[in-house]
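A.B. asks: Below is the structure I would like to discuss, written out as structure tokens.
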Amino acid sequence: MEQHMADKVPTAVYGAGRIKLCQGDFLNAVREVESESVDMVFTDPPFELTSGGMKSGKLVYPGNEVFRNCGFCTKNIGFGTWIPEVYRVMKNERYFYVMSNDRNIFSIHKSCIDSGFRFCELLVMDKKMTVPSTYYPKRAEFILMYRKGKCRKSHFLGSTVMEARLPRGKEKRHPTEKPVSMIEHLIRCSTLENELCLDPFMGSCPAGEACIRTGRRFIGVEIEQKWFAAAQDRITALLHE
Ligand SMILES: C[S@@+](CC[C@H](N)C(=O)[O-])C[C@H]1O[C@@H](n2cnc3c(N)ncnc32)[C@H](O)[C@@H]1O
């Protein structure tokens, strides 16, 4: 692994430059990404958690496993600030996937449309477990899918509902970790081998793992040292498998 400073954003580079992990604020890191250079963006962005399902500050999984909301810092990065940058760096005829809970869908959608994206699909991630809520127990998270420019011809396999087993217990590296298999599926449906994917808020980097498993290149950004280290550990372990 080569470690260097790229204009103040420390970047760890793996696999002869195919995988780049940047530690810092996405808005700084993205300045070094050329316009119209990225083939797909997948991200699970930071946002404030509201009380629905989190009233006691803990989530209870089946089997009484408890996840305390240790959380992560949002650093006040609003959707209207970073989504236009995602639009700038993406090539035309490419797809942007952004995860959301039920509360943030509307603001994310507005920022995407304001930035120039066209709405494609609302995908549902069925977590196969429920989280307590004031109303109906929640079982889904959402993935909003957009395109920049025209539609790219592709084989969209499966359906708009994706069953996903979330990492838990000892396998869990990040409080809101997403399943690699689901991201892998989106990457395979939307890109070709060797194309470049970006995750502006990579956390423990399941998107980077999905890129390695599918032969795509990857750039990920994470602001918190703890999660950046978790991302590095994941990628290092994978490349030594
Ligand atoms: C919802 S989590 C992503 C979790 C990831 N999908 C996973 O499976 O591990 C969002 C991440 O964004 C990071 N973050 C918050 N503000 C950021 C910023 N301004 N720039 C880059 N990363 C940021 C947080 O530290 C957090 O790890």
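A.B. asks: Please name whichever of S181, G17, V38 sits farthest to the positive end of the charge dipole of the stretch 2-239, dipole taken about the Cα centre and charges placed at Cβ: Lys and Arg +1, Asp and Glu -1.
C.D. replies: S181
A.B. asks: I need the shape label for the stretch 133-241. Rule: rounded when a/c is under 1.5, else prolate if a/b > b/c, else oblate, with a, b, c from the alpha carbon gyration tensor.
C.D. replies: oblate
A.B. asks: Modelling each spin label as a point 7 Å along the Cα-to-Cβ direction, I'd like the S159/N194 distance in nm, to one decimal.
C.D. replies: Computed distance between label sites S159 and N194 equals 3.7 nm.
A.B. asks: State which entries of K110/K153; K20/K148; K91/K172 exceed 28 angstrom in Cα-Cα distance in the structure shown.
C.D. replies: K91/K172
A.B. asks: On to the next question. What whole-number distance in Å separates the alpha-carbon centres of the stretch 200-235 and the stretch 86-145?
C.D. replies: 20 Å
A.B. asks: At 7 Å along the Cα-to-beta-carbon direction for both L27 and A237, put a label point, then send me their distance in nm to one decimal.
C.D. replies: Taking the simple label geometry, L27 and A237 are separated by 3.4 nm.
A.B. asks: Which of these, V86, V221, V131, has the largest mean-square fluctuation under a Gaussian network model of the chain (Cα springs below 10 Å)?
C.D. replies: Among V86, V221, V131, the largest mean-square fluctuation in the Gaussian network model of the chain belongs to V131.
A.B. asks: For the chain, report the convex hull volume of the alpha-carbon atoms normalised per residue, in Å³, without decimals.
C.D. replies: 122 Å³
A.B. asks: While we're looking at this one, here's another question. Report the calculated FRET efficiency for I105 and A16 (r = Cβ-Cβ distance, R0 = 41 Å), to the nearest 0.05.
C.D. replies: Calculated transfer efficiency: 0.60.
A.B. asks: Now for a different question. Given Cβ point charges of +1 (Lys, Arg) and -1 (Asp, Glu) and nothing else, what value in debye, to the nearest 20, does the dipole of the stretch 2-239 about its Cα centre take? Could the numbers behind the result be given before it?
C.D. replies: On the way: 35 positive and 28 negative charges, 104 e Å.
Charge dipole of the stretch 2-239: 500 debye, to the nearest 20.
Coordinate-derived values only; no laboratory data. Computed from a prediction, not measured in an experiment: that's the story for all the values here. Positions of Cβ are backbone-derived with ideal geometry, glycine not excepted, and every protein chain shown enters the neighbour counts.
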